[in-house]
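What follows draws every value from the coordinates through simple rules; no lab data is involved. In this text, all values refer to a predicted model and were calculated from it rather than measured experimentally. No Cβ is skipped: glycine too gets one built from the backbone with ideal geometry, and neighbour counts run over all protein chains shown.
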Amino acid sequence: MDKITETPIKAIKTPGDGRELCLLALDGGGVRGLSSLVVLRQLMEMIKPEDPPKPCDYFDMIGGTSTGGLIAIMLGRLRMTVDECIDEYLKLSPRIFTHVRHRVRWPNPIHLAKAEVEIQGRFDHDALEQGIKDLLVRRGLKKDELLKESSDSASCKV
Amino acid sequence: MTYFSRFVCATSQQTASTVALSNYYSSYHDTRLWNKTSIWEAARATSAASSFFEPITIAGETFIDGATGANNPIQQLWTEAIRTWRDEGQQGKWHLEDNISCLISIGTGVPSLTPFGNDVKQIGKALLAIALDTEDVAETFQQHHTDLYRMNHAFRFNVLRGLENIGLEDYVKMDSIDTLTRKYNSMEDTRVKMEESSKRLKERFSMSQFH
């Protein structure tokens, strides 16, 4: 049963109406991930046309699936601007979406049993790995830099 | 207070459950994974879209697919946000809805009908189901949180026309993606939503400057 508590509920450290969280969710979609970046660029431009801010300075949490996750990593972990991210996406796409890999297996979602369908992959995972490592090195990080950050070592400002 | 942007990417495991990889610590996540995952591995894991990339194994966990379960990650992000901010000292009644200044969800168009693979019919159907799912997820989420949308605290952007003709791997069409999206950005309906959401983002940002 619900307990009625007399303890005042502490609002999250904030003035105003207490609404202070900004969240961003990015769908997956292969090369079409570019579309979400072009939308986001427009949004950032509307905030400050002469100097569009970085999404990581405005969103408390960025989440993504598939290529949306890739973009979330670039914006959130690498703290890139949208323009930098678009450049990178344009650079990466021909590398990772070109090569055909054979004999990729995946569980068939239509028959949820263990059936597997053999198809040709269209993306190159080695190229993705290499592309990301190159990007990390260009940005002054180690190619095997960990994803995790601890709150005392990481500040939002690069 | 040190502050850093949190991000998370949802991926699926072989078991079909969704696993979150994040730059921040969460007691809900697998600590072993958190301690070991490198940035490139996370990139691989999240992009290991079923039909495209080969699976990758990190610390004994195999990731096969960032797309089948959740191509639109809004629900995972929501759950993640509840777990994150509720845990930070909140007791008793606390609702994420009351704390959202601005929630933005961005799509990548509606389904591509380009079939591929050996068993074209089957895989085409499967992909269609996955892609359709993103707008279904968006719609259901909006129904469940209708007040946030009505009060201009939540926004969904998605280019609903044109992108469906561009395959997920069709990088030569990137110019068209750019053009179609710019056109979408300039539509009156989009502009209004963008003005409202950028206003929210600005409010929140100027507020945070006082801390």
>> Skipping prolines and chain starts, which residues have an amide H placed within reach, meaning under 5 Å, of the one on A:ALA25, given they are 5 or more residues away or on another chain?
In response: A:GLY63, B:ILE104, B:SER105, B:ILE106
> So for A:SER66, A:SER36, fewest C-beta neighbours within 10 Å to most, what's the order?
Replying inline: A:SER36, A:SER66
> Ordered by residue, what ³J(HN,Hα) values in Hz, to whole numbers, does the stretch A:26-36 give under the Karplus form 6.51 cos²θ - 1.76 cosθ + 1.60, where θ = phi - 60° and Gly and Pro are x?
Replying inline: 10, 5, x, x, x, 4, 6, x, 4, 4, 5
> What list do you get for B:ASP30, A:ASP87 if you sort them by fewest beta carbons within 10 Å?
Replying inline: A:ASP87, B:ASP30
> Using the 10 angstrom Cβ neighbour count as an exposure proxy, how do B:VAL159, B:VAL192 rank, fewest first?
Replying inline: B:VAL192, B:VAL159
